[in-house]
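Chemist: Sending over a structure as structure tokens; questions will come in a sec.
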Amino acid sequence: QVQLVESGGGLVQAGGSLRLSCAASGRIFNLNRMGWYRQAPGKQREWVAVITSGGSTNYADFVKGRFTISRDNAKNTVYLQMNSLKPEDAAVYYCNAGSGIYDYWGQGTQVTVSS
């Protein structure tokens, strides 16, 4: 089993920045990807970014150039640096990790962006 704990959400003005963290624990040795999804009220959960165990990254078009995903293997933690935040970025952000058919989720952290 894998546990994911997010932190770093909060309230920020449009144009501001936040950094989300996701700490993984448990049977993490076989995880080959970690990433972030988000879900705004009344909308479906959508993929934001992913980083592989090899360090490759990929981003949804709507965050490219503004968000950066990174990982600290020594701390088993993945980060999402969010810059130039827009009101439409407001959502609950969920950490996701997995390998093959296995998929794990954190409890989510709220990001609110005021205009």
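The values are calculated or read from the model by the stated rules, or taken from the named source; none is laboratory data. Treat the numbers as computed from the prediction; the structure is a model and nothing was measured. We place every Cβ from the backbone using ideal geometry, glycine too, and count neighbours over all the protein chains shown. Protein only, heavy atoms only, side chains kept; ligands, DNA and RNA dropped before computing areas. Shrake-Rupley method; radii C 1.70, N 1.55, O 1.52, S 1.80 Å.
Chemist: Check whether at least one residue in the range 21-36 is in contact with a Cys (Cβ under 8 Å, 6 or more places away or on another chain), of a type in the set (Phe, Trp, Tyr) and buried (at least 20 other Cβ atoms within 10 Å of the Cβ), and report yes or no.
Modeler: Checked against the condition, which is being in contact with a Cys (Cβ under 8 Å, 6 or more places away or on another chain), of a type in the set (Phe, Trp, Tyr) and buried (at least 20 other Cβ atoms within 10 Å of the Cβ), the range 21-36 yields at least one hit.
Chemist: Here's another thing I want to ask about it. If Gly106 passes every condition in (1) under 11 Å from the mean Cα position of the chain (by Cα); (2) exposed (fewer than 14 other Cβ atoms within 10 Å of the Cβ); (3) not charged (D, E, K, R) but one, which one does it miss?
Modeler: Gly106 satisfies every listed condition except (2).
Chemist: Is it fair to say Leu11 is of a type in the set (A, V, I, L, M) and either touching a His at 6+ places or on another chain (Cβ under 8 Å) or surrounded by 14 or more Cβ atoms within 10 Å (Cβ to Cβ) (or both)?
Modeler: no
Chemist: Taking the range 13-51 only, how many residues are hydroxyl-bearing (Ser, Thr, Tyr), modelled with pLDDT of 95 or more and more than 11 Å from Tyr94 (Cα to Cα)?
Modeler: 1
Chemist: In this structure, is Trp47 within 26 Å of Ser114 (Cβ to Cβ), in contact (Cβ under 8 Å) with a residue 60 or more places away in the chain and either within 12 Å of the chain's Cα centre (by Cα) or open to solvent by less than 20 Å² (accessible area, probe 1.4 Å) (or both)?
Modeler: Considered against the rule, which asks whether it is within 26 Å of Ser114 (Cβ to Cβ), in contact (Cβ under 8 Å) with a residue 60 or more places away in the chain and either within 12 Å of the chain's Cα centre (by Cα) or open to solvent by less than 20 Å² (accessible area, probe 1.4 Å) (or both), Trp47 comes out as no.
Chemist: With respect to Gln81, is the statement that it is outside any loop (DSSP other than H, G, I, E, B), touching a Lys or Arg at 6+ places or on another chain (Cβ under 6 Å), within 18 Å of Ser17 (Cβ to Cβ) and open to solvent by 40 Å² or more (accessible area, probe 1.4 Å) true?
Modeler: yes
Chemist: Tell me which of these Gly65 doesn't satisfy, since it passes every other one: (1) more than 28 Å from Gln1 (Cβ to Cβ); (2) surrounded by 14 or more Cβ atoms within 10 Å (Cβ to Cβ).
Modeler: Tallying (1) more than 28 Å from Gln1 (Cβ to Cβ); (2) surrounded by 14 or more Cβ atoms within 10 Å (Cβ to Cβ), Gly65 fails exactly one: (2).
Chemist: Separate question: Can you find a residue that is open to solvent by 70 Å² or more (accessible area, probe 1.4 Å) and either in contact with a Cys (Cβ under 8 Å, 6 or more places away or on another chain) or among the aliphatic types (A, V, I, L, M) (or both) anywhere in the range 91-99?
Modeler: No.
Chemist: Same structure again: More than 14 Å from the chain's Cα centre (by Cα) and among the aliphatic types (A, V, I, L, M), is that true of Leu85?
Modeler: yes
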